[in-house]
Protein chains: 2
Amino acid sequence: MRATFMYGAGDVRVENVPDPRLSEPTDAIVRTVLSCICGSDLHPYHNLPPSAQGRPMGHEFLGVVEETGPEVSGFAAGDLVVVPFAFQDNTCEFCREGVQTSCRHGGFFPADDSGGGQAEAVRVPQATGTLVKLPVDADSALLPSLLTLADVYGTGHHAAVRAGVSSRTSVTVIGDGAVGLLAVMAARRLGAERIILMGRHKDRTDLGREFGATDVVAERGEEGIALVRDLTGGDGTHAVLECVGLLPAYEQALGVVRAGGVISRVGVPQYDEAPIGFPSLFGRNLTLTGGPAPARNYIDELMPGILDGSVEPGRVFDLTVDLDHVPDGYRAMDLREALKVLVRP
Amino acid sequence: MRATFMYGAGDVRVENVPDPRLSEPTDAIVRTVLSCICGSDLHPYHNLPPSAQGRPMGHEFLGVVEETGPEVSGFAAGDLVVVPFAFQDNTCEFCREGVQTSCRHGGFFPADDSGGGQAEAVRVPQATGTLVKLPVDADSALLPSLLTLADVYGTGHHAAVRAGVSSRTSVTVIGDGAVGLLAVMAARRLGAERIILMGRHKDRTDLGREFGATDVVAERGEEGIALVRDLTGGDGTHAVLECVGLLPAYEQALGVVRAGGVISRVGVPQYDEAPIGFPSLFGRNLTLTGGPAPARNYIDELMPGILDGSVEPGRVFDLTVDLDHVPDGYRAMDLREALKVLVRP
């Protein structure tokens with residue numbers, strides 16, 4: 001089959017490799033129908049040291065079950081399924097507590113031995129707990145939106161859930177990438193009436209307004225903080241959904257969050273040490289939360305709104321490539337010519 | 001009147017100063033019946049640069065209302081009241097959201113112009129929103145326990161509330177000072193059935209066991225972390241109440257918290273930068289919360305258990321001094337000869 005590998009920063013190749021095979025009795029093989037490129041794929045695209053051993057790429061995909069191991073139940077060949085970016089048994093204590101990303105038998109796509117989603121097929125470990133059936137046909141126009149359940153919509157939702165967003169909370173979303181825009185959608189869906197989107201790209205923030213943003217602040221740093229404070233009577237917002245992952249975004253979050261409020265991070269932090277002392281977090285009783293989204297945990301809640309058309313998270317995809325043109329997709333996202341790239345193998 | 005001032009590290013003096021007077025129409029003058037020395041008073045006792053201008057000391061006190069300004073309602077001379085360590089109007093948006101420590105008209109004792117609680121009398125700003133009547137006589141044996149509502153019991157409770165402690169959560173409390181021991185009491189009161197107390201002083205951890213600790217770990221650092229993990233099947237606890245405020249205590253909290261869990265800090269951080277990236281907080285979906293306790297917010301909830309005798313938080317006091325011997329009280333706490341010192345002016 002054809003599959004995508006990264007050999008170093010900027011070096012994405014699509015190669016012929018053997019088809020994946022069942023390895024554990026709990027595995028399934030899923031033939032990819034739709035995949036995509038994640039903003040987090042750009043981190044290795046910028047930083048991965050060159051290597052002779054390519055790294056399989058892609059962790060968001062949906063497809064058709066091709067084969068299941070003897071211990072997989074509830075799924076059969078031909079089922080159309082979406083696959084969360086973390087696999088899990090969905091039965092252990094951590095899964096029951098809603099942190100499937102810390103499952104005792106879990107892990108993350110792509111793994112060297114499972115392959116990535118930017119490929120014609122993938123081995124899915126812990127298939128019973130990981131796969132979720134899609135009640136549509138494989139040519140449904142809803143597929144791009146359903147694909148966002150694998151990661152990006154669930155991630156935006158995770159930010160909002162962890163921040164306690166409701167009709168009583170004002171919200172700032174930092175970042176106008178696909179996660180930020182879907183954090184806006186998730187906050188709106190959870191009832192937030194005031195949602196300030198901080199982002200510099202007008203085409204993206206325009207989509208953010210359609211998703212529910214009530215205000216857009218294009219400025220960053222101190223200037224952006226001052227504008228958000230102006231919009232909120234000087235106080236900032238109860239919830240800040242930090243969807244970037246860089247230290248300046250965290251500092252911006254500290255600047256726009258209201259006393260007693262929550263900073264919820266879903267952008268993977270590209271830093272470790274940061275201010276959390278009295279003047280930053282402690283003195284104002286701020287809460288810092290977030291992490292990798294337990295996407296599986298949210299699919300049952302989020303799918304109905306996609307199926308009934310009340311939300312259309314798949315609108316974040318603005319470019320579609322086939323598998324052989326995945327390297328062009330990375331380039332387009334890196335150059336910000338594309339917001340998020342859909343891959344149709 | 002006699003009042004306590006600190007002129008530099010280790011330099012505590014009790015001096016004659018003019019009695020406090022009403023300054024704002026919202027003020028009250030409270031004559032101190034009981035006060036105490038806080039663990040956080042030891043920070044300036046260790047670090048305060050020498051100064052010709054003494055700093056008034058003490059922020060935990062109860063007493064009798066002596067005089068009220070024309071805009072104070074609900075209180076009259078002769079009322080026995082407890083005074084939270086932060087004053088507040090208790091009506092602004094922040095107060096209504098339960099962060100009275102960020103009140104629009106609030107502040108903290110001691111202030112240069114209000115005086116501290118380790119004195120014969122104190123000017124209390126925002127008296128209507130700050131004072132809470134005590135339904136006992138001024139010679140009640142319950143007074144030491146009622147005094148803990150001013151700060152230390154409310155602070156332990158704040159740690160537990162912010163961590164979401166309930167019957168479904170396992171808890172580690174870091175620190176066997178008065179706040180740590182009352183965090184144990186608060187966690188038990190909120191239903192926690194497994195409470196691991198990390199502390200090195202057997203007399204204190206023995207009291208912690210009486211307050212509800214089910215396990216005690218005297219070791220610190222990596223050794224202590226390993227022991228807590230052993231006690232919890234390798235996973236750590238859902239909630240960690242960090243009642244110390246030093247960086248090693250935060251690092252210890254990271255080591256003993258369970259994936260998806262909460263670190264709740266009430267020890268005033270003596271550091272600013274600390275790890276919060278993927279390997280520390282983010283990857284395991286940890287939440288970091290806490291701050292100065294909005295003690296006023298909790299008094300109505302916590303007082304009944306003191307009045308009916310179901311809890312006795314005043315047991316943290318193990319030494320009593322009069323006002324002239326407050327410097328001896330500081331010394332005793334600093335040398336760990338006393339857990340917490342009661343001051344009877």
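The values are calculated or read from the model by the stated rules, or taken from the named source; none is laboratory data. Just so we're clear, the structure is a prediction, and the values are computed from it rather than from any experiment. Glycine also receives a Cβ, built like all others from the backbone with ideal geometry; neighbour counts cover every protein chain displayed.
Some points to look at:
- Any hit, the range B:7-26, residues being assigned by TED's automatic domain parsing to the domain that holds residue B:116, crowded, with 22+ Cβ neighbours inside 10 Å and over 25 Å from residue B:340 (Cα atoms): yes
- Test: residue in the range B:321-328 that is over 23 Å from residue B:203 (Cβ atoms) and free of Cβ contacts under 8 Å to residues at least 60 places away in the same chain: yes
- Helices (runs of 4 or more DSSP H) enclosed by the range A:171-232 - at least 2 residues per element that are aliphatic (A, V, I, L, M): A:178-189, A:221-231
- Only listed residue being closer than 25 Å to residue A:293 by Cβ, out of contact with any Asp or Glu (no Cβ under 8 Å at 6 or more places or on another chain) and touching a residue at least 60 places away in the same chain (Cβ under 8 Å), chosen from A:64, A:12: A:12
- Among the residues of the range B:71-99, those that are under 23 Å from the mean Cα position of the chain (by Cα) and farther than 11 Å from residue B:129 by Cα comprise B:80, B:81, B:82, B:85, B:94, B:96, B:97, B:98, B:99.
- Residue match in the range A:208-217 (condition: crowded, with 22+ Cβ neighbours inside 10 Å, out of contact with any Ser or Thr (no Cβ under 7 Å at 6 or more places or on another chain) and within 14 Å of chain B (Cβ to nearest Cβ)): no
- Test: residue A:226 is in contact with a helix residue (DSSP H, G or I) (Cβ under 9 Å, 6 or more places away or on another chain), over 27 Å from residue A:292 (Cα atoms) and at pLDDT 95 or above: yes
- Members of the range B:82-126 found to be away from chain A (no Cβ under 14 Å) and among the polar types (S, T, N, Q), listed by number: B:90, B:91, B:114, B:118, B:126
- Filter result (in a loop (DSSP other than H, G, I, E, B) and buried (at least 17 other Cβ atoms within 10 Å of the Cβ)) within the range B:49-87: B:54, B:57, B:58, B:59, B:60, B:69, B:72, B:75, B:79, B:84, B:85
- Candidates in the range A:154-169 are the residues that are touching a Lys or Arg at 6+ places or on another chain (Cβ under 9 Å) and surrounded by fewer than 24 Cβ atoms within 10 Å (Cβ to Cβ); of these, the one that is nearest to residue A:40 (Cα to Cα) is A:162.
- Filtering the range B:237-244 for residues that are surrounded by fewer than 24 Cβ atoms within 10 Å (Cβ to Cβ) and either at the interface with chain A (Cβ under 7 Å from one of its Cβ atoms) or touching a Lys or Arg at 6+ places or on another chain (Cβ under 8 Å) (or both) leaves an empty set.
- Annotation for the range B:302-316: no member residue is crowded, with 16+ Cβ neighbours inside 10 Å, in a loop (DSSP other than H, G, I, E, B), touching a residue at least 40 places away in the same chain (Cβ under 8 Å) and at the interface with chain A (Cβ under 7 Å from one of its Cβ atoms).
- Residue match in the range B:111-120 (condition: in contact with a strand residue (DSSP E or B) (Cβ under 7 Å, 6 or more places away or on another chain) and either aliphatic (A, V, I, L, M) or farther than 29 Å from residue B:28 by Cα (or both)): yes
- Residue B:103 being of a type in the set (A, V, I, L, M, F, W, C), farther than 21 Å from residue B:321 by Cα, in contact with a Phe, Trp or Tyr (Cβ under 9 Å, 6 or more places away or on another chain) and surrounded by 24 or more Cβ atoms within 10 Å (Cβ to Cβ): yes
Table: residues versus (1) of a type in the set (Ser, Thr, Tyr); (2) in contact with a strand residue (DSSP E or B) (Cβ under 9 Å, 6 or more places away or on another chain); (3) closer than 19 Å to residue B:319 by Cβ.
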{"residue": "B:16", "(1), (2), (3)": "no, yes, no"}
{"residue": "B:19", "(1), (2), (3)": "no, yes, no"}
{"residue": "B:29", "(1), (2), (3)": "no, yes, no"}
{"residue": "B:39", "(1), (2), (3)": "no, no, yes"}
{"residue": "B:51", "(1), (2), (3)": "yes, yes, no"}
{"residue": "B:59", "(1), (2), (3)": "no, yes, yes"}
{"residue": "B:66", "(1), (2), (3)": "no, yes, no"}
{"residue": "B:78", "(1), (2), (3)": "no, yes, no"}
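- Of all residues in the range A:178-195, one or more are assigned by TED's automatic domain parsing to the domain that holds residue A:271 and surrounded by fewer than 16 Cβ atoms within 10 Å (Cβ to Cβ).
- Residue count, the range A:250-289 (criterion: more than 7 Å from chain B (Cβ to nearest Cβ) and under 16 Å from residue A:173 (Cα atoms)): 15
- Pairs with Cβ under 7 Å, 6+ apart, first in the range B:186-212 and farther than 21 Å from residue B:236 by Cβ and at pLDDT 95 or above, second small (Gly, Ala, Ser) and surrounded by fewer than 24 Cβ atoms within 10 Å (Cβ to Cβ): B:189/B:305
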